[in-house]
Amino acid sequence: MAANEGHAGNEQALRDMVKGAVARAPVTDIHTHLYAPAFGPLLLWGIDEVITYHYLIAEFFRASDMPYDTFWALGKRAQADAIWKTLFLEQTPLSEACRGVITVLRKLGLDVASRDLDAYRAWFAAQETEAQVNRVFGTAGLQDVVMTNDPFDDAERPVWERAEGGDARFHAALRIDPLLNDWKHGHARLQGWGYQTDAGLSPRALAETRRFLEDWARRMNARYMAVSLPPDFAFPEDSPRAKLIAEAVLPVARERNIPFAMMIGVTRQVNPALRLAGDGVGTADVTAVERLCAAFPKNKFMLTMLARENQHACCVAARKFRNLLVFGCWWFLNDPILIEEITRMRLELIGPAVIPQHSDARVLEQVIYKWDHSREIIARVLADKYCDLSRAGWAVTEEEVTRDVADLFGGRFWRFLEYAP
């Protein structure tokens with residue numbers, strides 16, 4: 001009995017060690033939709049933005065009979081009022097997105113028990129943008145974030161042209177969805193900016209597309225190039241997208257030694273009446289990623305997939321290709337039960353050579369809850385794995401735990417950026 005009690009005590013000490021290391025670890029959030037303060041209104045923050053996040057809008061329409069057009073005709077404040085009343089006062093806020101709002105309020109020191117939306121608004125209204133950024137980074141334990149930067153966005157592009165990126169904690173990722181998923185309109189935009197492209201993807205058009213990508217990757221100092229892809233994404237295939245990837249995107253990425261990040265599985269606008277909240281999910285074919293990794297071994301790839309059904313194949317692919325880095329629990333996978341399952345699967349199949357989470361935050365304060373909730377889950381899964389090792393006879397040291405945690409929360413990402421296949 002004494003031996004068993006001693007073993008249990010050692011395991012508890014190990015769990016406490018892991019929990020502490022995870023709680024202290026500074027995070028590099030490798031995929032967000034946040035912006036540095038220099039981008040002005042593109043940086044969304046404040047309680048009304050938190051409450052009108054598209055996750056909550058979708059939930060609101062499930063619980064309300066308000067017509068879509070009536071809701072969209074409301075101003076932001078009135079939309080937030082409707083969502084708060086419906087999801088937080090008239091029913092219990094059990095969903096992860098609703099709990100996230102509560103976590104944000106609590107972690108910022110506001111009185112959750114009051115349920116007083118006007119009081120929360122008054123507090124946020126008294127904050128200054130840059131001070132709020134610092135407060136949120138400190139509360140969430142963030143060290144750096146990677147933005148999503150789209151040169152096709154008419155509101156964002158001028159900021160880059162004026163070279164006003166600003167805050168060094170905010171890193172750029174060059175987002176190229178309009179180029180790869182809608183070449184017909186994308187190449188017309190390039191023409192308007194002086195690049196000699198054409199619909200038929202002639203050799204000159206491909207060269208000019210490479211020039212465009214090089215220009216913007218350099219201007220932004222992009223950490224990677226990224227695209228969101230549908231479930232039917234295939235490679236190779238006879239399509240503008242496949243040709244652009246092979247003959248424009250990957251040559252530039254290889255020359256600059258930056259990864260090409262693929263986010264695969266979103267089905268756009270399954271319910272257009274929901275607008276930004278109207279996208280769905282589909283199961284994709286991971287062999288497209290495997291073919292890319294095999295055909296372009298001198299390129300680096302990053303991968304996250306939206307369907308739960310794809311997660312095992314993602315891990316297997318990562319076992320086979322060292323130029324592939326799997327990251328995060330994206331969008332509909334950002335639920336505790338799925339984060340735990342996926343994190344456990346990844347550690348058991350490929351060890352710590354992953355990035356277990358990213359926030360995908362569109363509103364500044366969301367990083368607070370997404371990292372608070374994820375840290376708890378990641379710590380629990382890691383502790384289980386270290387205890388398994390301990391039972392097998394491996395003496396786990398605090399130095400090793402600290403090293404592994406630092407790797408998972410950002411170190412692995414920065415080393416992958418430096419790695420030259």
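Here, each number is a calculation from the coordinates, and none is a lab measurement. Predicted model only: the values in this text are computed from it and were never measured. Here Cβ is always computed from backbone atoms with ideal geometry, including for glycine, and neighbour counts include all displayed protein chains.
Just to confirm a number: summing +1 for Lys and Arg and -1 for Asp and Glu over residues other than Trp414 whose beta-carbon lies under 11 angstrom from that of Trp414, what do you get?
My count for the surroundings of Trp414 gives 0.
Kirkwood Rh, Cα Rg: Rg to Rh for the stretch 311-421?
Taking Rh as the inverse mean 1/r over Cα pairs, Rg/Rh reads 0.96.
Convert 25 °C to kelvin, take the viscosity as 0.890 mPa s, use the Kirkwood radius over C-alpha pairs of the stretch 159-267 as Rh, and evaluate the Stokes-Einstein diffusion coefficient in µm²/s, rounded to a whole number.
170 µm²/s
Given the rule -39500 (n - 2.57) for each run of at least 4 DSSP H residues, summed and divided by the residues of the chain, what is its mean residue ellipticity at 222 nm, to the nearest 500 deg cm²/dmol?
-15000 deg cm²/dmol
Can you give the alpha-carbon Rg of the stretch 245-374 over 2.2 N^0.38 Å, where N counts its residues?
Compactness ratio reported: 1.10.
Taking a ≥ b ≥ c as the square roots of the Cα gyration tensor eigenvalues, with a/c under 1.5 meaning rounded and otherwise prolate when a/b beats b/c, else oblate, which class fits the stretch 37-145?
Prolate shape, in that a/c is at least 1.5 and a/b is the bigger ratio.
Can you give the Rg and Dmax of the chain based on its C-alpha atoms, in angstrom?
22.4, 79
Using a simple spin-label model with points 7 Å from Cα along the Cα→Cβ vector, what separation in nm is obtained for Thr267 and Asp198?
According to this spin-label approximation, the distance is 3.8 nm.
Per 0.36 nm of contour for each residue apart, how much would the distance between Ile102 and Gln191 grow if the chain were fully extended, relative to their Cα-Cα spacing?
So the extension gain works out to 27.3 nm.
Return the single residue from Leu44, Leu174, Leu110 with maximal mean-square fluctuation; model: Gaussian network over the chain, springs between Cα atoms under 10 Å.
Result: Leu110 has the largest fluctuation of those listed.
What percent does the relative contact order of the chain come to when contacts are Cα pairs within less than 8 Å and at least six residues apart?
Dividing the mean separation by the residue count of the chain yields 22 percent.
Which residue fluctuates the most in the chain, going by a Gaussian network model with Cα springs under 10 Å, if the choices are Arg254, Arg391, Arg106?
In this elastic network of the chain, the residue with the biggest mean-square fluctuation among Arg254, Arg391, Arg106 is Arg391.
Below 15 Å, Cα to Cα, which aspartates and glutamates can Lys385 reach? Residues fewer than 8 away in the same chain don't count.
In chain and number order, the partners are Glu11, Asp16, Glu340, Glu341, Glu348, Glu376, Glu398, Glu400, Asp404.
Could I have the simple spin-label model distance between Thr287 and Arg115, label points 7 Å from Cα toward Cβ, reported in nm to one decimal?
Between Thr287 and Arg115, the label points sit 5.4 nm apart.
What translational D, rounded to a whole number of µm²/s, comes out for the stretch 293-358 from Stokes-Einstein when the hydrodynamic radius is the Kirkwood one over Cα pairs, at 37 °C and 0.692 mPa s?
So the translational diffusion coefficient is about 275 µm²/s.
Using the per-residue mean of other Cβ atoms lying within 10 Å as a proxy for protection, in what order, highest first, do the peptides 120-131, 212-223, 181-192 fall?
212-223, 181-192, 120-131
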